[in-house]
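The structure appears below as structure tokens.
The values are calculated or read from the model by the stated rules, or taken from the named source; none is laboratory data. Predicted model, so just to flag it, every value in this text is computed and none were measured. Cβ placement follows ideal geometry from the backbone for every residue including glycine, while neighbour counts extend to all protein chains displayed.
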Amino acid sequence: MLINPPHLRPATSVDQAFLDALYRSTRTDLAALGASPAIDAVIAMQQQIHESGQRAHFPQARHLLLEQDGCCVARIVLDQDAERLHLVDMAVLPLARRKGIASLLLRWMQHSAAALDVLLTLNVRTSNQTARDIYLKLGFVVCGGDAVFEQMRWPR
């Protein structure tokens, strides 16, 4: 079992308002359409589909939140089996971005994968250059993919 770094804890139903705000912050494509009840409903529906898909494909995944100064600032979803630790999803609130949070979480995952002697894997949208750059900087390599997603791994 993985050991949590300081201030990383399991998400609970009490965290739903944070999770809603976090998901909304990642959907700038939909938020750009304006603020209206209809757009809010579309974002909420997309969030439900996203979360249902994750739970269907990774039913044993751990949903963890990172807190700083008593407030949640990031979420990661990790799936683990005997051969790999897979980063299903990671999101950081806009106000906490570019402060090293994603790198901190990735280094923790790398340390955990090394301690477990397993591969660390993830998929990243080819259009998400910021995330892709962080992964490459931290030693991840591209090992497959398609026009939408690249598969990456961190060699152990």
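Could you tell me whether segment 63-81 includes any residue that is modelled with pLDDT of 95 or more, in contact with a strand residue (DSSP E or B) (Cβ under 7 Å, 6 or more places away or on another chain), surrounded by fewer than 17 Cβ atoms within 10 Å (Cβ to Cβ) and part of a strand (DSSP E or B)?
For segment 63-81, residues modelled with pLDDT of 95 or more, in contact with a strand residue (DSSP E or B) (Cβ under 7 Å, 6 or more places away or on another chain), surrounded by fewer than 17 Cβ atoms within 10 Å (Cβ to Cβ) and part of a strand (DSSP E or B): absent.
Regarding R125, is this residue more than 19 Å from D15 (Cβ to Cβ) and in contact with a Ser or Thr (Cβ under 9 Å, 6 or more places away or on another chain)?
Here the answer is no, as R125 does not meet what is asked.
So A102 passes all but one of these: (1) of a type in the set (A, V, I, L, M, F, W, C); (2) farther than 17 Å from Y23 by Cβ; (3) crowded, with 19+ Cβ neighbours inside 10 Å. Which condition number does it fail?
(2)
Which of the residues belonging to segment 116-135 are over 13 Å from L87 (Cα atoms), in a helix (DSSP H, G or I) and touching a residue at least 12 places away in the same chain (Cβ under 8 Å)?
Once the filter is applied, which keeps residues that are over 13 Å from L87 (Cα atoms), in a helix (DSSP H, G or I) and touching a residue at least 12 places away in the same chain (Cβ under 8 Å), segment 116-135 yields L116, R132, I134.
Condition (residue is in contact with a Gly (Cβ under 9 Å, 6 or more places away or on another chain), of a type in the set (V, I, T) and at pLDDT 95 or above) applied to segment 115-124: is it met by at least one residue?
Yes.
List the residue pairs whose Cβ atoms are under 9 Å apart, where the first residue sits in segment 142-156 and is within 21 Å of H111 (Cβ to Cβ), the second is part of a loop (DSSP other than H, G, I, E, B) and not aliphatic (A, V, I, L, M), and the two are 6 or more positions apart or on different chains.
M152/F140; R153/F140; W154/G139; W154/F140; P155/G139; P155/F140; R156/D117
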